[in-house]
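All remarks here apply to the structure that follows.
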Amino acid sequence: LSHDVNERYVHRIAAMEYTIQHDDGRDLTELEKADLVILGISRTSKTPLSMYLSHQGWRVANIPLINGFAVPQELYAIDQRRVIGLTIDAGDLAQIRRARLERLGHDKGGEYADPDKVVEEIEYANDLFKKNRKWPIFNVTGKALEETASEIIKLMVSRRLAPTHIHDAPAPKA
């Protein structure tokens, strides 16, 4: 029992380290070692979701989708069933971004929180998702982080793509 607990602990720490290293597209090396790669535009909870899943033992990379920029080619070299997309309601996203700018003491104007630009970004992401049908899309609008994580874990376990030590463990409850 002690050996099993220690092994899971070491695996979780390694997963957290991997996830931190591969946060926000900073490091695309060893992407093939990711249990999961999360794609989404800014403020769709990529990082918090990645960190939450890493605490569950998942090695997660997340890559921002930026309108006008191509997706890194490294993404297409991995098992496409491990890639998921995040989307959100445009009105909610614009509000989240305005609130963030306000908290940071920035002008709430500009393109970042502009409703029309937000819609363009979401459309860019949705067009990319439509071209890559193996990528399931999770709408995070109004959902708790744990709820989205639970849905992702359930899908990945059903695809038999969960980390080895997770296959026998129940998915966390939302």
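The values are calculated or read from the model by the stated rules, or taken from the named source; none is laboratory data. Given the structure is predicted, the values throughout are model-derived calculations rather than measurements. Every residue, glycine among them, receives a Cβ derived from its backbone with ideal geometry; neighbour counts consider all protein chains shown. Note: accessible area is taken over every heavy atom of the protein model, side chains too, but ligands, DNA and RNA are not part of it. Shrake-Rupley method; radii C 1.70, N 1.55, O 1.52, S 1.80 Å.
Out of everything in segment 80-123 that is outside any loop (DSSP other than H, G, I, E, B) and among the basic types (Lys, Arg), what residue ends up being surrounded by the fewest Cβ atoms within 10 Å (Cβ to Cβ)?
Within segment 80-123, the first condition is being outside any loop (DSSP other than H, G, I, E, B), and the residues that meet it are 80-87, 90-103, 115-123.
So of that shortlist, the ones also among the basic types (Lys, Arg) come out as 81-82, 97-98, 100, 103, 117.
On the way: Arg81: 15, Arg82: 20, Arg97: 21, Arg98: 18, Arg100: 15, Arg103: 8, Lys117: 16.
Only one residue tops the list, namely Arg103.
Restricting attention to segment 124-137, and to residues there that are modelled with pLDDT of 95 or more and outside any helix (DSSP H, G or I), which single residue is most open to solvent (accessible area, probe 1.4 Å)? Spell out how you get there, then give the answer.
First pass over segment 124-137, keeping only residues modelled with pLDDT of 95 or more: 124-132, 135-137.
If we keep only those that are outside any helix (DSSP H, G or I) too, we end up with 132, 135-137.
On the way: Asn132: 25, Trp135: 8, Pro136: 27, Ile137: 71 Å².
Looking at the filtered set, the residue picked out is Ile137.
Taken over segment 16-50, the residue count meeting the criterion of being surrounded by fewer than 22 Cβ atoms within 10 Å (Cβ to Cβ), in contact with a strand residue (DSSP E or B) (Cβ under 8 Å, 6 or more places away or on another chain) and part of a helix (DSSP H, G or I) is 6. Checking each residue in segment 31-61 for being under 17 Å from Tyr124 (Cβ atoms) and either without any contact (Cβ under 8 Å) to a residue 60 or more places away in the chain or basic (Lys, Arg) (or both) picks out Ile38, Arg43, Lys46. Condition first: modelled with pLDDT under 95 and hydroxyl-bearing (Ser, Thr, Tyr). Can you find one or more residues in segment 86-109 that meet it? No, every residue in segment 86-109 fails to be modelled with pLDDT under 95 and hydroxyl-bearing (Ser, Thr, Tyr). Please work out if Leu155 is in contact with a Lys or Arg (Cβ under 9 Å, 6 or more places away or on another chain) and not in a loop (DSSP other than H, G, I, E, B). So Leu155 fails the test. All conditions but one from (1) in contact (Cβ under 8 Å) with a residue 60 or more places away in the chain; (2) in contact with an Asp or Glu (Cβ under 9 Å, 6 or more places away or on another chain) apply to Leu28; the one that does not is (1).
Residues that are part of a strand (DSSP E or B) and within 18 Å of Gln80 (Cβ to Cβ) within segment 138-152 comprise just one, Phe138.
Which residues, counting only those in segment 73-109, are of a type in the set (S, T, N, Q) and in contact with a helix residue (DSSP H, G or I) (Cβ under 8 Å, 6 or more places away or on another chain)? Residue satisfying the conditions is Thr87 alone. Does Asp79 qualify as being touching a residue at least 60 places away in the same chain (Cβ under 8 Å) and not small (Gly, Ala, Ser)? Answer is yes for this residue. Of the residues making up segment 56-79, just one is under 14 Å from the mean Cα position of the chain (by Cα) and assigned to a helix (DSSP H, G or I), namely Leu75.
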